[in-house]
Amino acid sequence: MAQMSMNKVIHGAFRRDLDRFVGALTSFTAGDSARAHQLGRAWANFDLQLTDHHEGEHEIAWPALESVGVTRETIAQMDAEHETMAAALAQARTAMSSLESTAGQGEAEAALSALMRLRDVTVEHLDHEEREIEPIYIANADGPEMKEMGKKFARTGPAKAGVFFTWILDGATAEEKQALTSSVPGPVLKILTTLFGRSYRKDVAPVWSS
Ligand SMILES: [Fe+2]
């Protein structure tokens with residue numbers, strides 16, 4: 001039986017990125033426009049992944065979870081938290097865009113405060129979602145509803161999936177890597193990340209290793 005759902009593995013990547021942004025913005029040097037552009041590239045990926053994740057939950061995961069007994073009330077609460085997060089994400093998007101175009105001290109401070117707010121509301125939601133839903137994902141991992149849900153999520157296409165998996169694996173713990181390879185066959189993961197993860201390896205991974 002699965003020990004950790006794909007949902008929780010993905011949450012790990014969001015938590016890592018939020019910490020990375022807060023760390024990078026805390027030590028940002030005013031006027032360093034090269035760094036501002038690097039952070040802008042990492043932000044574009046984060047923004048896309050968080051938006052995709054929540055839209056995917058709304059369209060694909062929630063109906064699957066309702067079919068295994070998660071209540072409408074719980075789903076409504078999760079959606080309300082997504083709204084709060086989307087508002088914080090929009091503010092962070094504006095702040096990161098200003099930082100990228102000016103590399104200014106004030107913009108760096110504004111971006112840091114926006115990212116700290118985004119981290120607070122996002123981590124609170126991810127923790128809550130895991131408390132409510134992780135046991136249900138685990139208990140139903142081998143059932144037809146979750147298998148069907150997995151197939152729907154897999155329809156994203158190789159280009160997007162390659163970047164997505166390369167991003168998730170960047171800094172993943174051994175437990176997260178194991179959970180990932182138990183839901184996606186190793187050779188498939190290898191092909192997707194090797195062929196289609198190049199843009200992440202080239203544009204984003206170096207932002208966090210420099
Ligand atoms: Fe969520």
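The values are calculated or read from the model by the stated rules, or taken from the named source; none is laboratory data. Keep in mind the model is a prediction, meaning the values are calculated, not measured. All Cβ positions, glycine included, derive from the backbone under ideal geometry; neighbour counts span all protein chains shown. Just so you know, the surface numbers come from the protein's heavy atoms only, side chains and all, with ligands and any DNA or RNA stripped out. Shrake-Rupley method; radii C 1.70, N 1.55, O 1.52, S 1.80 Å.
Assorted remarks:
- Within the range 2-17, the set of residues being within 13 Å of the ligand (Cβ to nearest atom) and among the polar types (S, T, N, Q) comprises SER5, ASN7.
- Qualifying residue in the range 58-68 (condition: more than 15 Å from the ligand (Cβ to nearest atom) and surrounded by fewer than 17 Cβ atoms within 10 Å (Cβ to Cβ)): yes
- Residue in the range 78-89 that is more than 16 Å from the ligand (Cβ to nearest atom) and open to solvent by less than 50 Å² (accessible area, probe 1.4 Å) present: no
This table checks each residue for (1) of a type outside the set (A, V, I, L, M); (2) without any contact (Cβ under 8 Å) to a residue 60 or more places away in the chain; (3) surrounded by fewer than 17 Cβ atoms within 10 Å (Cβ to Cβ); (4) within 19 Å of LYS151 (Cβ to Cβ).
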position	(1), (2), (3), (4)
THR166	yes, yes, no, no
THR173	yes, no, yes, no
ALA179	no, no, no, yes
THR194	yes, yes, yes, no
ARG201	yes, yes, yes, no
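- Put simply, of ALA76, ALA80, ALA86 the only residue that is more than 16 Å from the chain's Cα centre (by Cα), within 27 Å of ALA111 (Cβ to Cβ) and of a type in the set (A, V, I, L, M) is ALA80.
- Out of ASP32, ASP52, sole residue that is open to solvent by 20 Å² or more (accessible area, probe 1.4 Å), of a type in the set (Asp, Glu) and farther than 27 Å from ALA159 by Cα: ASP32
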